[in-house]
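All remarks here apply to the structure that follows.
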Amino acid sequence: MKPISLIQPSRNNLKYLKWSYKSVRTHLNPMHQICWADDCSDDGTWEWMNEIAKKDKNVTIHRNNGPNRLGHTILYDTLVNEYATSDIVMIYHADMYACPGMDEAVLKHLEPGKVVSATRIEPPLHPDGPEKILADYGIEPEEFDENKFLNDLFTLKENKTTEGIFAPWVIYKEDFQSIGGHDPLYAPQSKEDSDIFNRFVLNGYELVQTWEGF
């Protein structure tokens, strides 16, 4: 398996980040690097990141000291360009739970010129769509029914791919950098630069979403 650098900016999102970290280190290959950026949080995020980085040699941390937030758009690219040590990077939201084998599922389809997304499973807070699965296993980390969720995974997986795209998505770092990364026009908005996928397409990249990995 090739190593991945998981790119995770976070702002005042500590309980979700802890939940996400536990899932990554429980279910994915420990060789993967985790790159965290704290965007001027005041909820103890930076202190916790430092604690983890001292114990986990594959965690790299960066902080925006403020006083103003920079936003995900800027910090994604800071982590990719200045901290990621792997040839492959994964844009991975700080509130996402990694399922067993997600890294294997996306890497199976990845090659230069391709962007590969895992399928997301989310509670019915937003409208349904063909690119995701709506299923309610709890909204907050403390409500999450992990046992039921993991037991249901086999029935949720499908041996297919689609053109859907959303985080978590992986790409070769060189490909990401070749289009200039995210557009700073969107900073410091809370939403990502979703137009990046249009630029991938315009540059001839293939978008693939696997339904074997969540």
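A 1.4 Å probe run over the protein chains yields, for the chain, 49 Å² of accessible area per residue, whole-number rounding. Antiparallel beta bridges, as assigned by DSSP with both residues in the chain, represent about 25 percent of the total such bridges.
Working from the Cα coordinates of the chain, the gyration tensor eigenvalues give, after taking √(5λ), semi-axes of 24, 22, 17 Å in decreasing order.
At full extension, Asp95 and Asn147 could sit 16.9 nm farther apart than now, given 0.36 nm per residue minus the alpha carbon distance. Each peptide in 63-69, 104-110 receives the mean, over its residues, of other Cβ atoms within 10 Å, and ordering these scores from highest gives 104-110, 63-69. Computed from the Cβ-Cβ distance with R0 of 35 Å, the FRET efficiency linking Asn68 to Val201 stands at 0.60.
Quick query: amide H of Ile88 versus all other amide H atoms, modeled in the peptide plane; which residues come in under 5 Å with a sequence gap of 5 or more or a different chain? It is Ser5, Lys173, by chain and number. Distance between the 7 Å Cα→Cβ label points at Ala135 and Met1: 2.0 nm.
The values are calculated or read from the model by the stated rules, or taken from the named source; none is laboratory data. What you are looking at is a predicted structure, and each value in this text was computed from that prediction instead of being measured. Please note: Cβ atoms are built from the backbone with ideal geometry, for glycine as well, and neighbour counts cover all protein chains shown. These accessible areas exclude ligands, DNA and RNA; they are computed on the full protein's heavy atoms, side chains included. Shrake-Rupley method; radii C 1.70, N 1.55, O 1.52, S 1.80 Å.
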